[in-house]
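Peer 1: Attaching a single structure in structure tokens format; questions to follow.
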């Protein structure tokens, strides 16, 4: 089972993906029938190998939607935003189909059939997704969760997981305070048990108990919790629950013992080998696809800045285990941007950025030379973003656990970049660290692949660029 997805979350995401895959495959079959229903000879001819064609069509469109974050459990967007994402996902999928038909002409189905299939598939997916998510959000189908504790730690579930998207898949029944505990949760959310804990949770059909008391010393009903475990009810630490449901490590809840015993931090030789092979293959592929763009960017910088001005920019960054290396980027700022030698965060509408730099930074073309850092082994394709030594030294003193993000190679793309906008302050660094630590604890090959695909959304919409 994937560590970065909870079983329940993974289950409904897989059901959603499988349902949409079948609908997309059916759309191509229906489109073929509609296009040739009056031409039986052509219908028979074009119906050959339809299962394979339908599967290929569905998979490519599904990958387009994955790239737009349509299968993120924590996504927050309006109905209109959801439709926009689906439209762009289908556009990406359509472009992918044209590439596939060029590489595999046998899969080609004709422009008329393809257009009808895309329209039918879009409508079918939109309707199915709307109904499915309403079903997932219905309380009768959600996990029933009881919070043991009503103090400051437990209150963070109430204050930081208010939105429906934050509580997708589970329903908090209430909070049970322990004797002598100071209440931080509003009174209307407190529960008074009229029976022993294991009897009450069985009667109320509780699926999971989350332990969030402020002081565990002598304050936990261990016998009752053990009875609950024997009844098949999950008992989860608050920090683990928060990490699992929010996709980040809540620093205010985290202590060293939890980090030691909670699992993750996969550094086995097999994982290191798979990550390195992933880095080399993806970096090589991206380099082959983007080298014409890199030449155009270099030419644009030369035309704007004139002969004798540098095209590339080398900057010292902190890598794995605190070792420094020189990161390579296309120069997007003036050559006198830090003439005094003082490192500064980039700000919105930074006047140090050149005209070409504003474009390249917006669409992330300035990052492409870092592919060389990946090929050299100084960076990974996916990982925490590398920071400058001056910032690392300062943040390491102020932010607890900041050094943990350096147990992996820094990355060109990452989980924090997907989930949080551009960081340009200490407060932003704290928030991004929550996502970086989540990735550091839970990274694996499939997680890297999902981040890579969803990075397309970041590039297309320019999220976080500055």
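The values are calculated or read from the model by the stated rules, or taken from the named source; none is laboratory data. As the structure is a computational prediction, the values presented were derived from the model and not from experiment. Cβ sites come from the backbone with ideal geometry, for glycine too, and all protein chains shown count toward neighbours.
Peer 1: Scan the stretch 97-111 and tell me whether some residue there is under 30 Å from residue 142 (Cα atoms) and within 34 Å of the chain's Cα centre (by Cα).
Peer 2: no
Peer 1: Return the residues of the stretch 408-432 that are part of a helix (DSSP H, G or I) and more than 14 Å from the chain's Cα centre (by Cα); say none if nothing qualifies.
Peer 2: Correct list: 426, 427, 428, 429, 430, 431.
Peer 1: For the stretch 163-183, which positions are in a loop (DSSP other than H, G, I, E, B) and farther than 19 Å from residue 246 by Cβ?
Peer 2: Once the filter is applied, which keeps residues that are in a loop (DSSP other than H, G, I, E, B) and farther than 19 Å from residue 246 by Cβ, the stretch 163-183 yields 177, 178, 179, 180, 181, 182, 183.
Peer 1: While we're looking at this one, here's another question. Could you give me the residue pairs with C-beta distances under 8 Å whose first residue belongs to the stretch 116-136 and is in the same structural domain as residue 17 (by TED's automatic domain parsing) and closer than 13 Å to residue 89 by Cα, whose second residue is part of a helix (DSSP H, G or I) and at pLDDT below 90 wherever it lies, and which are 6+ apart or on separate chains?
Peer 2: Listed by first residue and then by second, the contacts come to 126/83.
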